[in-house]
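The values are calculated or read from the model by the stated rules, or taken from the named source; none is laboratory data. Bear in mind that the values here come from a model prediction, so they are computed numbers and not experimental data. Here the Cβ is made from the backbone with ideal geometry for all residues, glycine too, and neighbour counts use every protein chain on show. Heavy atoms of the whole protein, side chains included, go into the accessibility calculation; ligands, DNA and RNA do not. Shrake-Rupley method; radii C 1.70, N 1.55, O 1.52, S 1.80 Å.
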Amino acid sequence: MNRMETMTNHESIPNSTMLFGAEAPFEMAGKVINASATGGYQAVDLRYTEHYPGAGTFIKSLGAYSEQMSIFRQSRTKWNQLVFPKGKTLVRIGSVREKNDIVIEDDGDVDTIQTTIVYLGEKIFIIERGVNSITYVNGVRTPNSLLDDKNPILLSVGKTNFIIRPKRSIPAKDHKKTCTFSLKTPSGEQHGEFSRCNLIGSHDACDLKFDGPEFIGMILPHRKNIYLIPLSEIRFNGEAIPMVLPCHMDSGNFINSLGANIIIPEGLTDGIADAFHAKSPTSFKFTEILATEEIGRIKMRLPQPGATFIISRKKSHEYFHIESEFISREHAQVIVYDKCIRVEDLKSKNGTYVNGERIKKKVVYPGDFFSVGDRTFILGYSVEDDLAAKTQDVQEPFTGL
């Protein structure tokens, strides 16, 4: 039994057996000490101005603003296409068939539920839930990404590669390309857009069509440059380049496998390659989801494992205060662990929900929805570079970092 399965039946396990490396929750004689005693995290004081539907109703109606999404999965000989209809909000990837939409059974590093894709409105979250850090988004290892649905996304979970292709990422037939680079071959020239990710290959879903493998790779912009991420064997300037890792491209470079020269108009790039550092989690984070499926104003980093706090409309609870008539004075208690949080409703009037189901006590994992009163959040991570100290709370548009 792995660690995730152990947590499933938390009601029958004493608190002390659930910590997985965290210190014991801060409790004295059964009373939870408020956040001022556990580090004094900044309060959230946002005035309630809109009337949302009840949390349970809201969660069950999610998906009204998203579109159809295709996910291509790479096998040894071809790419297999899975089509998820409009309104499919959650896609889970893991090793157990009964708990996932996409199953990986031949990779021992993949957990029961390893990675969750959450499609809301025009945004896509990719959040890692498993114990091992084996989720890569557009060539970068990260436990948490937030991207828009106007671009294809490369996702690797362990040894398995996927291409996420939302319907909105397919340009309309009358779409006029602007700010372009080109791949020039003896037989002609194809133009890709500098402002979006461009799939290369023979498949109909590709933006730049070349004979050969269905998906050869993807060219994506990042800051002031463009990069090639190979999905098949590619020789670049005469040398083989690693699979699924971003390779910086300059004008005049030659992709031997395509027989194509890269032509980039002067001034579009600065010619300086960026380092793509892997990302590590620094803490859990609540991100507010509005009824319109847009990202709300509340983006709150949670305290470190071992901390306990109360969600409340009272300002005396210093960590998570939400000013709303639908939030009780002591609405819910949250205990933070290293791979999850545990939420307990404190007999609130309007209830506490996890993934749309009203609960009394429940373990919440990364990628789950959590609702109190009229507010809904998704549990994810704040992340930072493995080689830097600064937290990356603002996502780059194409890498989601």
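Some points to look at:
- In the range 311-342, the GluC sites (Glu not before Pro) that fall in loop regions by DSSP, at most 13 other Cβ within 10 Å: Glu325
- Summarised in one figure, the compactness ratio Rg/Rh of the range 178-263, Cα atoms and Kirkwood Rh, is 0.91.
- Here the Kirkwood formula, the inverse mean of 1/r across different C-alpha pairs, assigns the range 193-328 a hydrodynamic radius of 19.0 Å.
- Sparse-neighbour loop sites [trypsin sites (Lys or Arg not before Pro); the range 285-341; at most 11 other C-beta within 10 Å; DSSP]: Lys315
- Quotient of C-alpha Rg and 2.2 N^0.38 Å, computed over the range 332-384: 1.09
- If you plug the beta carbon distance of Arg76 and Arg301 into 1/(1 + (r/R0)^6) with R0 = 41 Å, you get a FRET efficiency near 0.45.
- Rough spin-label spacing in nm, given labels placed 7 Å along Cα→Cβ, for Glu294 and Lys159: 4.5 nm
- Estimated FRET transfer efficiency (Arg168, Arg97; beta-carbon r; R0 35 Å; 0.05): 0.70
- Stretch gain in nm, segment Lys176-Ser232, where the contour uses 0.36 nm per residue and the Cα spacing is subtracted: 17.2 nm
- Rolling a 1.4 angstrom probe over the protein heavy atoms with all chains in place gives the range 236-280 an accessible area of 51 Å² per residue.
- When peptides 355-361, 123-129 are sorted by average Cβ neighbour count within 10 Å, with the highest value leading, the order is 123-129, 355-361.
- Label-to-label distance, nm, for residues given as Glu330 and Ala273 (7 Å Cα→Cβ offset): 5.8 nm
- Surface composition of the range 84-205: carbon and sulfur make up 47 percent of the accessible area, probe 1.4 Å.
- The distance separating the Cα centre of the range 332-368 from that of the range 229-284 comes to 43 Å.
- Under the combined filter of DSSP loop state and at most 10 neighbouring Cβ atoms within 10 Å, the range 151-244 retains none of its GluC sites (Glu not before Pro).
- Note on the range 85-205: Rg/Rh from C-alpha atoms, Kirkwood Rh, equals 1.03.
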